[in-house]
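The values are calculated or read from the model by the stated rules, or taken from the named source; none is laboratory data. All values reported here derive from a predicted model rather than from experimental measurement. Virtual Cβ from ideal backbone geometry, glycine too; neighbours counted across all protein chains shown. Accessible surface areas use protein heavy atoms only, side chains included; no ligands, DNA or RNA. Shrake-Rupley method; radii C 1.70, N 1.55, O 1.52, S 1.80 Å.
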Amino acid sequence: MIEIQGLTKSYRTGRRRNYLFRDMDAIFPSGKNIGILGRNGAGKSTLLRIMGGIDYPDAGRITSNKTISWPMGLSGGFQGSMTGRENATFIGQVHGFWGKQRRRLLEQVEDFAELGDYFDMPVKTYSSGMRSKLAFGLSIAVHFDYYLVDEVMSVGDAHFRAKCEHVIEEKKKTSNFIIVAHSMGTLRKNCDIGVYLSKDGIEVHEDINTAIAKYENTGKQNSSNVKKLPV
Amino acid sequence: MIDRSPLHIQRDVLLAMLIRELKTRFGSLKFGYAWMMLEPIIHVTLFSALFYFRGGEMYPGIPTPLFILAGILPWLCFNKCVTLSLAAVSANRGLFNYRQVRPFDAVLARVVLEFAIFLVSFVVLFAAFTWVGIHSPFNDIMAFLALFFLFFVFCLGISLLFCVVGERYPEAAKLIPVLMRPLYFMSGIFFSLEHVPPQYHNYLSWNPMLHVIELFRSACFTQFKGFYADSGFIVIFTIFSIFFGLLIYRVNWVELVRSK
């Protein structure tokens, strides 16, 4: 279970403060995959990062007895001058993998990421696809109760994407996902609960489909206001 | 995920950060770790040469290279702690995506590493000088270790303070490295307070680094008198440093990490 109490978060935009959430409460029951939807700038990624304990709100608190991952496929923490193996070692060590467990973790990452000799080359020599593969491999290798997904559920070429999707299906048996996505297909396929972030606040829908319907409805209303161009 | 106590996590993160810092700073260079001796060696050679041509010893009874070595090593350590901690938050921002890693860990790892470099350079260079015949009887190893510990706490406090300053007040952060330059000449790296006319002592002795260096020399050399070194001042300064360092960090750390 993840419980959100009195969450307030704002960003400074010029001279004003722009509030994403104001004194927001929500409870996410255990064992459900959660989809977060809303327009650009509604605060989806921020909410995701606050839930992951990476970012902090202005006020309020998040409590959970579950372990929550870093955003899946994130490669921002890599050090370019270190090799893929060294970077993976560091992240493993931070999460408590030493000795034999560390070796097993590295084998898993090496095996999944399919980087070949590049696994022992500095990360700065990687293409962006290779970085994503390494990051994704790491996310997969460390077990969490909840995985955070910010748009990225699969990376790389068609073959690797299929592999990602397969491994996520496997993961779903033991873990849950909290997903931010603009693709309704992804959300429908992977989520049970829908969280819709709008200007008026947060709505938690028991069924992802009602949340999607609500979101698409608001979208339609907005687009009907757009003046039609003369043909 | 492995279930760990908070202390266990702290230990894991500190070790991981230390390994990472070592790898990124020295790992890719040829003869990697030998490079950390380079800076003290350059200072010692330069000033020894200068005083050699001027003739005579800097301090009676203590070989000039050793006298400088005992002064330059604490100074370089302090200087590195200050400059690295000013950039500690911005340089490690990517790592804060892992919730276990916070600015405290970045600062602690850097300070621990600087002190490890200090100790290793001290032992290696002292041994090297003894081997080539430049030596002086070591005075008091316990006093040295006690001072080393005190100095570590002193630098940790200042570094925690400066990691907040570096991120929240970037203008002040530009000024501090500039102020380090005059401090370098006022910290007794190539003189002792005993060489300075007493009427200036009132001003110079406010500088805690001067006392630290004088105390290190008294711990190292039996011939060094260290009349004016005040260990009480350093103890009090260290208590203030760690107290304010931790306080300022504790008040500000969320502000350092979160998006604004």
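So, for the protein assembly as shown, what is the accessible surface per residue at a probe of 1.4 Å, expressed in square angstrom?
On a per-residue basis, 49 Å².
Express as a percent, rounded to the nearest 5, the fraction of DSSP beta bridges in chain A (both residues included) that run antiparallel.
Roughly 55 percent of the DSSP beta bridges within chain A come out antiparallel.
I need the shape label for region A:1-54. Rule: rounded when a/c is under 1.5, else prolate if a/b > b/c, else oblate, with a, b, c from the alpha carbon gyration tensor.
Note, shape of region A:1-54 comes out prolate.
Tell me, what is the percent relative contact order of region A:81-231, built from C-alpha pairs under 8 Å that lie six or more residues apart?
With pairs under 8 Å counted, the relative contact order is 15 percent.
Which shape class applies to region B:40-126: rounded if a/c is under 1.5, otherwise prolate when a/b exceeds b/c and oblate if not, where a ≥ b ≥ c are the square roots of the Cα gyration tensor eigenvalues?
Here region B:40-126 falls in the prolate category.
Can you give the average number of partner chain beta-carbon atoms within 10 Å of each beta-carbon in peptide B:99-106, as a whole number?
The mean count of partner-chain Cβ atoms within 10 Å per residue comes to 3.
Enter the mean number of other protein chain beta carbons within 10 Å of the beta carbon of each residue in A:72-78, as an integer.
The shielding value for this peptide is 3.
Can you figure out the FRET efficiency of A:GLU206 with A:LYS100, using R₀ = 41 Å and their beta-carbon distance, to the nearest 0.05?
That gives a FRET efficiency of 0.40.
Calculate, in whole percent, how much of the Cα-Cα pair population of region B:142-238 lies beyond 20 Å.
Tail fraction, whole percent: 44.
Can you give the Rg/Rh ratio of region A:1-137, where Rg is from the C-alpha atoms and Rh is the Kirkwood radius?
When Rh is taken as the Kirkwood radius, the ratio is 1.06.
If you count, for every residue in A:93-100, the Cβ atoms of partner chains within 10 Å of its Cβ, what is the mean?
Across A:93-100, the average partner-chain Cβ count within 10 Å equals 6.
Need one number: nm distance between label points at B:LYS174 and B:THR222, each 7 Å from Cα along Cα→Cβ, rounded to one decimal.
5.4
Run the helix sum for the protein assembly as shown: -39,500 (n - 2.57) per DSSP H stretch of 4+ residues, divided by residue count, reported at 222 nm to the nearest 500 deg cm²/dmol.
Roughly -18000 deg cm²/dmol at 222 nm, from the helical runs in the protein assembly as shown.
Tell me, what is the percent relative contact order of region B:170-232, built from C-alpha pairs under 8 Å that lie six or more residues apart?
30
Rounded to two decimals, what ratio of Rg to Rh does region B:1-85 give with C-alpha atoms and a Kirkwood Rh?
1.20
Volume per residue, Å³, of the convex hull around the alpha-carbon atoms of region B:37-194?
131
With the calculation restricted to Cα positions, what are the radius of gyration and Dmax of the protein assembly as shown in angstrom?
Gyration radius and largest Cα-Cα distance of the protein assembly as shown: 28.2, 98 Å.
Relative to the present Cα-Cα distance, how much length would full extension add between B:PHE243 and B:TRP131 at 0.36 nm per residue of separation?
36.1 nm
For region B:96-169, what percent of Cα pairs sit more than 16 Å apart?
63
Three principal axis extents, largest first, for the C-alpha atoms of chain A, in Å?
56, 50, 41
A 22 angstrom limit on the alpha carbon distance is what I want to check against. Which of A:LYS66/B:LYS260; A:LYS163/B:LYS23; A:LYS44/B:LYS260; A:LYS32/A:LYS133; A:LYS9/A:LYS133 exceed it?
Table pairs above 22 Å Cα-Cα are A:LYS66/B:LYS260; A:LYS163/B:LYS23; A:LYS32/A:LYS133; A:LYS9/A:LYS133.
Relative to the compact globular guide of 2.2 N^0.38 Å, what is the alpha carbon radius of gyration of region A:102-231, as a ratio?
1.37
Compute the helix-to-body angle for B:6-22: its Cα long axis versus the longest principal axis of chain B, expressed 0 to 90° and rounded to tens.
The two axes meet at around 60 degrees.
Give the A-B buried accessible area in Å², both sides summed, 1.4 Å probe, nearest 100.
2700
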